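For reference, the structure is listed below as structure tokens.
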Amino acid sequence: MARRRSNGEGSYWQLPDRTWVHQITLGRKEDGSLIRKSFKGRTKTICKERKEEWLAEQAALKEQAEAEQLEAQKELEEAVRRGHSLESETLFEPAFLDWLRLYKSPPTRKPSTYASYIATYNTHFAEFFGGIPLCQVTQDVVQNYYQQKQLNGNRRDGKEGGLSPKTIRNHHMILKDFFTYAVGKYKLPCNPTVSTTRPEVVQREMRVLSPEEMQIFIEEVMKETQRIAILTDLFVGCRIGELLALEISDFNPKRQTLTVNKNLLRVSTEALSLDNPNIKILNYNPAKKTHLIVQSTPKTKSSKRETAISDGLCELLLRHIFTMAHSDWPNPYNLLFPSTKGTYLDPKRFEIRLKAVSKRCEIKKVNPHALRHTLATRLVEGNVPLNIVQGILGHASIEKAEVSCVCKWCGVDYFTANSGFHMLKRRELGGHYFEGI
């Protein structure tokens, strides 16, 4: 008489191809049906060996899972005892720099953005936060940082005094972004920047040339070598990097337009990525601290635009190009405004020339942004709709249109008196009268 199989030993049967199947029952599902596992082999012995191997593997996996669960429990108990997780003991410096490299470096971000983050870290964050474990960066620590920077900002320009409220708010946005990442990566209990208090940003008065100042300024500009570039900036309102990156092919005399599609700027060498296809590095030398680069896109997506120009400016540009073509002025890059050596004009040197012109005119300092403000203000004074002004200046939103509109009765700025632009067609708003609107 055959031996009766004990409970849980499983069953065997032979298939038509004379191979054997060994099946065991592991338990039941929630619906009550059996959970089975089958093993095939040429003989019963092979099937049994495969079953035992599988059971041993399952036992090892179960043992490993129990060990990991026990370890996690110990870590949790230790974290409760310490008051923080082991991962959160990572120092701020390596954690922040790793975050910059992974999430804020090119090509994910533009080199200029990455360079500004690195400069902020080196000048401000490194000294204050660098050697502190993340678990010790509390809300009070961050708030203390903001307070100290308001009093003594360690300014990059070397001047005494604290940082501006806007700069501190920029620092806050970087820290907030990083600690949002760190909460998940390093198991921080919360983001220490969320409930901090930042100084209120007071909008600075925009520098706008009056019509009288414009006349004096233009007369003095005509003595400059780069007079056509300065006049183009004044009457087109390009950002300085957009202006100096213009090529002759960007000027369309038939359509009387200038196409803005590039940006020239200076960034730190450590922020450069040599294999970034979206930039052109000029005269690369790893020993240099900074480099001029040409980005294949302007500041924002909406900054890429084709701007109509006046008949007078179109004629000036045609004469300018004709003069360059029939002179020994080198221009290997076919730039619209090359330097006397045929290279790209450095934005900083361009600003210095504007400062020198305004000094000779004995008027308040003029910079490239003042020229943009002036153009926008003249357009609004000429009843040009703000959505058109937005397109000319290449702003991402209409709220950023840089216009000076002041009540002629009490001096209240339009943007202080009104939060939006949906009432632009009304001249009298909230008891104020804004000329040019």
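Looking at the stretch 37-95, which of the residues that are hydroxyl-bearing (Ser, Thr, Tyr) and out of contact with any Cys (no Cβ under 6 Å at 6 or more places or on another chain) is modelled with the lowest pLDDT? Among residues in the stretch 37-95 that are hydroxyl-bearing (Ser, Thr, Tyr) and out of contact with any Cys (no Cβ under 6 Å at 6 or more places or on another chain), the one modelled with the lowest pLDDT is Ser85. Scanning the stretch 166-217 for residues that are assigned to a loop (DSSP other than H, G, I, E, B) and without any contact (Cβ under 8 Å) to a residue 60 or more places away in the chain yields a total of 16.
Considering Leu345, Leu336, Leu375, the condition of being closer than 20 Å to Glu213 by Cα, in contact with a helix residue (DSSP H, G or I) (Cβ under 7 Å, 6 or more places away or on another chain) and surrounded by 14 or more Cβ atoms within 10 Å (Cβ to Cβ) is satisfied by Leu375 alone. For the stretch 70-87, the count of residues that are touching a Lys or Arg at 6+ places or on another chain (Cβ under 6 Å), closer than 22 Å to Thr180 by Cα and surrounded by 10 or more Cβ atoms within 10 Å (Cβ to Cβ) is at least one.
Only a single item in (1) of a type in the set (A, V, I, L, M); (2) assigned by TED's automatic domain parsing to the domain that holds Val357; (3) loosely packed, with under 14 Cβ neighbours inside 10 Å is not met by Ile218, and it is number (3). The single residue among Glu351, Glu306 that is part of a strand (DSSP E or B) and within 34 Å of the chain's Cα centre (by Cα) turns out to be Glu306.
The rows are residues; the columns are (1) surrounded by fewer than 17 Cβ atoms within 10 Å (Cβ to Cβ); (2) assigned to a strand (DSSP E or B); (3) of a type in the set (A, V, I, L, M, F, W, C); (4) in the same structural domain as Pro347 (by TED's automatic domain parsing).
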| position | (1), (2), (3), (4) |
| --- | --- |
| Cys238 | no, no, yes, yes |
| Glu242 | no, no, no, yes |
| Arg255 | yes, no, no, yes |
| Val267 | no, yes, yes, no |
| Glu270 | yes, no, no, no |
| Asn276 | no, no, no, no |
| Tyr284 | yes, no, no, no |
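The lone criterion from (1) farther than 30 Å from Phe337 by Cα; (2) more than 21 Å from the chain's Cα centre (by Cα); (3) not basic (Lys, Arg) left unmet by Thr180 is number (2).
For (1) on the phi > 0 side of the Ramachandran plot; (2) assigned to a loop (DSSP other than H, G, I, E, B); (3) acidic (Asp, Glu); (4) more than 23 Å from the chain's Cα centre (by Cα), each residue gets a yes or a no:
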site: Asp98; (1), (2), (3), (4): no, no, yes, no
site: Thr113; (1), (2), (3), (4): no, no, no, no
site: Ile118; (1), (2), (3), (4): no, no, no, no
site: Tyr121; (1), (2), (3), (4): no, no, no, no
site: Ala126; (1), (2), (3), (4): no, no, no, no
site: Asp140; (1), (2), (3), (4): no, no, yes, yes
site: Asn144; (1), (2), (3), (4): no, no, no, yes
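Of all the numbered requirements in (1) more than 30 Å from Gly153 (Cβ to Cβ); (2) among the acidic types (Asp, Glu); (3) modelled with pLDDT of 95 or more, Asp177 misses one, and that requirement is (1). The residues on offer are Pro338, Pro330, Pro298, and the sole one that is part of a loop (DSSP other than H, G, I, E, B) and modelled with pLDDT under 90 is Pro298.
Does the stretch 286-296 include one or more residues that are polar (S, T, N, Q), touching a Leu at 6+ places or on another chain (Cβ under 9 Å) and within 13 Å of Ser112 (Cβ to Cβ)? Yes. Once the stretch 173-193 is narrowed to residues that are of a type in the set (A, V, I, L, M) and touching a helix residue (DSSP H, G or I) at 6+ places or on another chain (Cβ under 7 Å), the residue that is nearest to Asp346 (Cα to Cα) is Ile174.
There is no residue in the stretch 151-167 that is closer than 30 Å to Leu86 by Cα and touching a Gly at 6+ places or on another chain (Cβ under 9 Å). Of the residues screened, Ile35 is one that is of a type outside the set (Gly, Ala, Ser), surrounded by fewer than 13 Cβ atoms within 10 Å (Cβ to Cβ) and over 54 Å from the mean Cα position of the chain (by Cα). Quick one: would you say Glu93 is part of a helix (DSSP H, G or I), among the acidic types (Asp, Glu) and more than 23 Å from the chain's Cα centre (by Cα)? So Glu93 fails the test.
For the stretch 32-50, which positions are part of a helix (DSSP H, G or I) and either under 22 Å from Pro16 (Cβ atoms) or of a type in the set (Phe, Trp, Tyr) (or both)? Within the stretch 32-50, Lys44, Thr45, Ile46, Cys47, Lys48, Arg50 meet the criteria. Is it true that Leu151 is crowded, with 20+ Cβ neighbours inside 10 Å and either more than 22 Å from the chain's Cα centre (by Cα) or not charged (D, E, K, R) (or both)? No: the conditions fail for Leu151.
The values are calculated or read from the model by the stated rules, or taken from the named source; none is laboratory data. A quick note: this is a predicted structure, and the numbers were derived from the prediction, not measured. Cβ sites come from the backbone with ideal geometry, for glycine too, and all protein chains shown count toward neighbours.
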